[in-house]
Amino acid sequence: MADTDRDLLPEGLEDRLPAAAAAAGRVTRALLDVMDSHGFDRVQPPSIEFEKSMASRMAGVQPRRMFRFVDPASLRTLALRSDITVQVGRMAATGLGAAPRPLRLCYAGQVLTIKGDGLDPTRERLQVGAELIGSDSVAAAGELVAMAIEALRAAGASGISVDFTLPDLVDTLAANALPLDADKIEAVRRELDAKDAGGLVAAGGEAYLPLLTAIGPFDQAIERLAAIDAGGALAGRIKALREIAARVGGAARLTLDPSERHGFEYQSWFGFTIYAEGLPGALGRGGSYAILGRAAGEEEPAIGFSLYPDALIDALAAAETPRDTLFLPLRHDGEQAARLRAIGWRTVAAVCDNCDPARLGCTHRLEGGEAVRL
C-alpha cells in the first residue's frame, strides 16, 4: 500500500523555497540592522523551555496555545515557544539582571502555536522584535514606535499605518471616573473591543458608549476622546498619545482605537498595531508591559514590539527578479572565479559536461576570462 502522506506537512506549516528563503534573510537582516543602529543588542533564547517558566513570566501568556511535552531528562513539562518576548523578559531578569537600565535587546526567531489566529491557519511564524526594559515612559514609547516604522520601511514595507490603543482604558475609568462592579469589568472590556453598543449596555457599561465614537484618524479621534474624558481621568494618557504621535510625525498614518484589546493580553497603559499597504492583517504589535523580577512580587516596566513579517516576505519573494549569476564551465580558473565573487558576482560552477547554464538559472557565462550575457 502506497504511503500517500509521507511528503505532507502538518496544517499551518510550510517550507520556504529559495526565493522566499532569500527574502526572509534580507528582511530579517534589514530589521535587525535598524534595531542595532539604535543600540539594541541581539539575544538568542532557546526554542524550548520549561512550560512553567514561560507561562508565569508575564501576565496574559496562554499556555494552552503552546506545544507541550515531557522532557525525558528532567521529567518536567517543556514547551515550544509561542512568543519570544517572554523569553527576553526571563533573560533580562536573570542573566542580565545586573545590566544597566534601560536595557535594549532585540531578537529574531520562529515561534509556534497549537492553532492559528482566527481565520489564519498559520502555526509557525517569524517573530522579530525589540524590548526596552527598565522604563515604559512616553519617551520610550515614542522611540519604539518610530523604530518599528523605520525598520519596516528599511525591510521594504510601504504605506505604513499605526493604530494606537489604551489597553488599561476600562480599568482606569472603572477605578473612579466611571465606576464598575468588579464582576462587570471583563464583560465591558469585551463589548468595547467588539464595538457592540447593544452588548455594552447589556453588560452594564452604558456610560462607556461615548468611547465608541473616539475611533478613526488620530487627530480627530484624540479630540473626541479628550471631549468625553470623564473628569480628566484620561488626561495623562491623552497627553502621552499626543507626544508619541508627534514623535512619529509624517512617517506613518496614525489612527486611534482606545478600546482595542485583541492581541494586547499583557500590555498596560499603551499599545499599538502596525500595518503596511498591500499586505493582509497586522505586521506587528507592541506596547508597555511588566516583567517579573527575581524576587516574588517584583516587577520591572518595559516597552517593546514584535513584528511578524511573513506577509512582507511573501510579497517581496513574489516580486523578486532573477539575480545576475555567472556560469563557470568545467575546469575553469578557480582563482579567477574567486576574484569575480570578491567583486560581487554570484557564481554557479559546472559539475558535469552537460550542465546547461540557462536551466541552472544563470544569466552570464564565463568565456575567455569575461562574463558574457546568455
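We did not get these values from a lab; they are worked out from the coordinates using the rules stated. On a predicted model such as this, the values are computed, not experimentally measured, just so you know. For neighbour counting, all protein chains shown are included, and Cβ atoms are generated from backbone atoms with ideal geometry for every residue, glycine included.
Between residue 117 and 122, the built amide H atoms are under 5 Å apart, and every one of these is 5 or more places off in sequence or on another chain. Between 0 and 90 degrees, rounded to the nearest ten: what's the tilt of helix 182-194 against the longest Cα principal axis of the chain? For 182-194 against the chain, the angle is about 50 degrees. Summarising the label geometry, the points placed 7 Å from Cα in the beta-carbon direction at residue 74 and residue 181 lie 4.4 nm from one another.
Report the local net charge at residue 163: Lys and Arg +1, Asp and Glu -1, summed over other residues whose C-beta lies under 9 Å from its C-beta.
Numbers: positive: none; negative: 257, 260.
Around residue 163, the surrounding residues sum to -2.
Only the Cβ atoms of Lys and Arg (+1) and of Asp and Glu (-1) were treated as charged; on that basis the dipole of the chain about its Cα centre amounts to roughly 700 debye.
Listed by Cβ neighbour count within 10 Å, with the fewest neighbours leading, 347, 273, 321, 94 appear as 321, 94, 347, 273. The alpha carbon radius of gyration of the range 325-373, expressed as a multiple of 2.2 N^0.38 Å, is 1.01.
One equal scatterer on each Cα of the range 168-260, no solvent, Debye formula: the resulting log10 I(q)/I(0) at q = 0.12, 0.20 Å⁻¹ is -0.37, -0.94. Note on the chain: with a GNM built from Cα contacts shorter than 10 Å, the maximum mean-square fluctuation among 15, 136, 314 falls on 15. Global size of the range 241-352: 24.3, 69 Å for Rg and Dmax (C-alpha atoms, Rg to one decimal, Dmax whole). Straight-line cross-link reach from residue 184 at under 27 Å between alpha-carbon atoms covers these lysines, not counting any fewer than eight positions away in the same chain: 195.
Across all directions, the shadow cast by the convex hull of the chain built on its C-alpha atoms averages 26.8 square nanometres. Listing 330, 96, 144, 200 from fewest to most neighbouring C-beta atoms within 10 Å gives 330, 96, 200, 144.
If you take every DSSP beta bridge fully contained in the range 325-373, what fraction is antiparallel? Give it as a percent rounded to 5. Could you put the intermediate results ahead of the total?
Working: 4 of 10 bridges.
Just about 40 percent of them are antiparallel.
Compared with the dominant Cα axis of the chain, that is its longest principal axis, helix 235-248 is turned about 20°. Note that the range 351-360 has calculated 3J(HN,Hα) couplings of 10, 8, 5, 9, 5, 9, x, 5, 5, 8 Hz, one per residue in order, obtained from phi through the Karplus relation 6.51 cos²θ - 1.76 cosθ + 1.60 (θ = phi - 60°); glycine and proline are x.
The dipole here belongs to the range 168-260: it is taken about the Cα centre, uses +1 on the Cβ of Lys and Arg and -1 on the Cβ of Asp and Glu, and is about 400 debye.
For trypsin sites (Lys or Arg not before Pro), the sites in the range 321-370 that DSSP calls loop and that have at most 12 other Cβ atoms within 10 Å are 323, 331, 359. Here the residues 48, 291, 149, 343, ranked from fewest to most Cβ neighbours within 10 Å of their Cβ, fall in the order 343, 48, 149, 291. Working note: 222 nm ellipticity from helices only, DSSP H runs with n ≥ 4, each -39,500 (n - 2.57), summed and divided by the residues of the chain, gives -10000 deg cm²/dmol to the nearest 500.
Multiply the residue gap between residue 29 and residue 117 by 0.36 nm, knock off their C-alpha separation, and tell me the result in nm, one decimal place. Walk me through the numbers before you get to the answer.
On the way: separation 88, 0.36 × 88 = 31.68 nm, distance 2.62 nm.
This chain segment gains 29.1 nm when fully extended.
Loop-located GluC sites (Glu not before Pro) in the range 211-290 (DSSP state other than H, G, I, E, B) with a sparse environment of at most 13 neighbouring Cβ atoms within 10 Å: 277.
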